[in-house]
Amino acid sequence: MLIAVVSPLQPVENKLTGGVKIVLNNETVVTDIQLPIPKVAFAPKKFRMQTYGVHGRGPEDKIYWIGSNKGKSGIVTGQQDKEEGNNSYIFEIEREDTEEGVALKVINYKDGDPSENYYLPNLKTSPSIYVVRPPLENVRDLATDDKYNFISLELESSPNHYLRHRSYVLQNEPGDKNHIVYRQDCTWKFHEIKSK
């Protein structure tokens, strides 16, 4: 259930001034009055991330995930996760909320120091902070369609740089939003990891 709590408002040319606070399932969704309010809730606390697609093909094709691809943060299939002797696996990710946005902490990274925290996209110990955006590739209104629910993540410190995959490697990168492959590469879906 989504509850919007709006502090004192002063309409000026149909714009709101003051603060806007959005609470989803008793958790505050970070917003900034200078930025568009996210059209979608971000993600559960722990999740796996599915790509919209690869090579310009969308979610109706084989499903790809963010994971360890030959020791790097990249794109893998569920099949790779099961193959014997294959060091590729799907990442489990925990959302960390900050005042500026969200960070994506990998909680099952096998190649790092267990006493450290590692973050997407490049598995460094310092996090990238993202602002949640509606999906760049938005056919079928992917932000609100219950079957899809995709979003995009813009780097807070570098506007127009989005979390994307290119050549199966994960990175923060600017690009041409008119190009369908860039839009699809920057569009993600979140699958909750249920507590056992």
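The values are calculated or read from the model by the stated rules, or taken from the named source; none is laboratory data. Since this is a predicted model, take the numbers as computed values, not measurements. Backbone-built Cβ (ideal geometry, glycine too); neighbour counts: all protein chains shown. Only protein heavy atoms, including side chains, enter the accessible area calculation; ligands, DNA and RNA are left aside. Shrake-Rupley method; radii C 1.70, N 1.55, O 1.52, S 1.80 Å.
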Single residue of the range 170-196 satisfying the filter (of a type in the set (D, E) and part of a strand (DSSP E or B)) that is least open to solvent (accessible area, probe 1.4 Å)
E173
What residue, among those in the range 104-114 that are without any contact (Cβ under 8 Å) to a residue 24 or more places away in the chain and of a type in the set (D, E, K, R), is most open to solvent (accessible area, probe 1.4 Å)?
D113
Quick one: count up the residues across the range 40-61 that are open to solvent by 40 Å² or more (accessible area, probe 1.4 Å), at negative phi and modelled with pLDDT under 80.
4
